[in-house]
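Written below as structure tokens is the structure these notes are about.
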Amino acid sequence: MKIDHRKPAVGILVLTIIYLKMASLQGRKTVYQHYRIVEGQNEGLTASEPQVFRLNGQNLTITSGTIHYFRVHPHYWRDRLRKLRAMGAVAVETYAPWNLHEPYKDKYDFGNGGFEMSPFLDVVKFLKMALKRKTC
């Protein structure tokens, strides 16, 4: 029986690359440190030229990702927001599926309607969670 040693070697190589990448990230500034985000002391977001944004005097590239809050269990919202931040996003995009928020004519559900989808439809809770800095 011939043993293929390539697979374990490739696995070790991948793990080594991941470790080195993570080690190189140690000591880097967080997004909040880089953009000098301090409560009550911000210059805010400005656009001095077309397609050039600055946040507290630092150039800002706006990157975002989409999270469909109604497709993710609410217990996982914070985790998904953290993962979005970890990939470098500074914004989150979502939309409100009106067919779910108004399941029957003139019957609205934003997390408290008592329907089977109610726990997934608390858009206010999701947006407040996305706004919190501790989330990410």
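All of the numbers you see were taken from the coordinates with simple rules; none came from a lab. Note that the structure is a prediction, hence the values are computed from the model and not measured. Every residue, glycine among them, receives a Cβ derived from its backbone with ideal geometry; neighbour counts consider all protein chains shown.
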Quiz item: By its C-alpha gyration tensor, with a ≥ b ≥ c as the square roots of the eigenvalues, how is the range 47-136 shaped: rounded for a/c under 1.5, else prolate for a/b larger than b/c, else oblate?
Solution: prolate
Quiz prompt | Extension gain, Arg71 back to Lys107 (0.36 nm per residue minus Cα-Cα distance, nm) | solution = 10.9 nm
Self-check item: the range 41-93 - charge dipole about Cα centre, Lys and Arg +1 at Cβ, Asp and Glu -1, debye rounded to 20
Solution: 360 debye
Self-check item: Label-to-label distance, nm, for residues given as Gln51 and Lys132 (7 Å Cα→Cβ offset)
Solution: 3.8 nm
Quiz item: Summing +1 for each Lys or Arg and -1 for each Asp or Glu, what net charge is found among the other residues whose Cβ lies under 11 Å from the Cβ of Phe110?
Solution: -2
Self-check item: Length added when fully stretched, Ala96-Arg82, from 0.36 nm per residue minus Cα-Cα
Solution: 2.9 nm
